[in-house]
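Asks: I have a structure here, written as structure tokens, and I will follow up with some questions on it.
The values are calculated or read from the model by the stated rules, or taken from the named source; none is laboratory data. Fair warning: this is a prediction, and the values are worked out from it, not measured in the lab. Here Cβ is always computed from backbone atoms with ideal geometry, including for glycine, and neighbour counts include all displayed protein chains.
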């Protein structure tokens, strides 16, 4: 499974209390090895102790050392506690403090301005860093505003966000707090490139990571540390795999096109269908076992069973 050429990507993750992000990172590493994508950087959009060092350690263990990692140091207003980060941060990584990694918008602007081709963005967490990117001003990397830079250098935004199976839905990535609500509204109203959303309803019935058995496998142990030893719902890995394939239909989905809206005060989302719309959300075209088995096979291929 390969694209005609690698799609350069930046991934955003909350890397927070849930662990579908960990599963998604293994899918991302697989897609990079398969030549589907070229990872330019990864951004953390929920900041807590050990965030960046633990992600760095996990990526290193997955065969992706020295990737550019950005972190939104302002994103400390999310409730929750570390569930696997401190354990991961005990493994080899570069820097010991979040502050030693690149700031989010700085990383986005640098990578986008340096790229000679369009970069896709995958977002499996909160969208506040992307909203700040839109608001950013000209800097040492580019004379363009954030919105101008995104329009020129981003091909498509792929987001795990929203709930699209009802006229008015509500999902955590758009509604966690006031910042998330405002950011969701800004992304839907101002982001200048096409967006495909994979909603809550898509991953809620697909559990992956439950077939891992390797006692020394870092993913298996991270899932156990996150109190999900029998796997986790698959919102994030499903989004990453679809975006890596770079084709909703080939990935097993039907795309509904139109315009998405998020209420910046409530986080509720709605959608107006329009065949010419810039936005889209996906509906599963196959049974749940298709997505489950596809992702689990990827996870097992990279499992350390020693």
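Asks: Restricting to the stretch 269-286, name every residue that is surrounded by fewer than 19 Cβ atoms within 10 Å (Cβ to Cβ) and either part of a strand (DSSP E or B) or in contact with a helix residue (DSSP H, G or I) (Cβ under 8 Å, 6 or more places away or on another chain) (or both).
Replies: 270, 272, 273, 283, 284
Asks: Something else: Being free of Cβ contacts under 8 Å to residues at least 60 places away in the same chain, under 13 Å from the mean Cα position of the chain (by Cα) and surrounded by fewer than 24 Cβ atoms within 10 Å (Cβ to Cβ) is the filter here; which residues of the stretch 31-52 pass it?
Replies: Result: 39, single match.
Asks: From the list 55, 11, 67, 28, which residue is closer than 18 Å to residue 111 by Cβ, under 15 Å from the mean Cα position of the chain (by Cα) and without any contact (Cβ under 8 Å) to a residue 60 or more places away in the chain? Steps first, answer last, please.
Replies: On the way: 11 fails: without any contact (Cβ under 8 Å) to a residue 60 or more places away in the chain; 67 fails: under 15 Å from the mean Cα position of the chain (by Cα); 28 fails: without any contact (Cβ under 8 Å) to a residue 60 or more places away in the chain.
None of the other options fit; the residue is 55.
Asks: Here is a further query. Only residues that are in a loop (DSSP other than H, G, I, E, B) and at pLDDT below 95: list them for the stretch 287-306, please. Talk me through it step by step, then tell me what you get.
Replies: Here is the first cut: in the stretch 287-306, the ones in a loop (DSSP other than H, G, I, E, B) are 287, 302-306.
302, 303, 304, 305, 306 - these are the residues of the stretch 287-306 that are in a loop (DSSP other than H, G, I, E, B) and at pLDDT below 95.
Asks: Could you run through the stretch 135-151 and say how many residues are part of a helix (DSSP H, G or I) and over 27 Å from residue 251 (Cβ atoms)?
Replies: Adding up the residues that qualify gives 5.
Asks: Based on what the data block shows, is residue 218 touching a residue at least 12 places away in the same chain (Cβ under 8 Å), out of contact with any strand residue (DSSP E or B) (no Cβ under 7 Å at 6 or more places or on another chain) and over 22 Å from residue 59 (Cα atoms)?
Replies: Considered against the rule, which asks whether it is touching a residue at least 12 places away in the same chain (Cβ under 8 Å), out of contact with any strand residue (DSSP E or B) (no Cβ under 7 Å at 6 or more places or on another chain) and over 22 Å from residue 59 (Cα atoms), residue 218 comes out as no.
Asks: From the set of residues in the stretch 152-189 that are within 15 Å of the chain's Cα centre (by Cα) and surrounded by fewer than 22 Cβ atoms within 10 Å (Cβ to Cβ), which is modelled with the lowest pLDDT?
Replies: Top of the filtered list is 172.
Asks: Test residue 244 against the criterion of being part of a helix (DSSP H, G or I) and in contact with a helix residue (DSSP H, G or I) (Cβ under 7 Å, 6 or more places away or on another chain), and give yes or no.
Replies: yes
Asks: Do we find a residue being surrounded by fewer than 17 Cβ atoms within 10 Å (Cβ to Cβ), within 25 Å of residue 244 (Cα to Cα) and touching a residue at least 24 places away in the same chain (Cβ under 8 Å) anywhere in the stretch 71-79?
Replies: No - not one qualifying residue is present in the stretch 71-79.
Asks: Determine whether residue 139 is within 19 Å of the chain's Cα centre (by Cα), surrounded by fewer than 17 Cβ atoms within 10 Å (Cβ to Cβ) and either modelled with pLDDT of 95 or more or under 22 Å from residue 172 (Cα atoms) (or both).
Replies: It is false that residue 139 is within 19 Å of the chain's Cα centre (by Cα), surrounded by fewer than 17 Cβ atoms within 10 Å (Cβ to Cβ) and either modelled with pLDDT of 95 or more or under 22 Å from residue 172 (Cα atoms) (or both).
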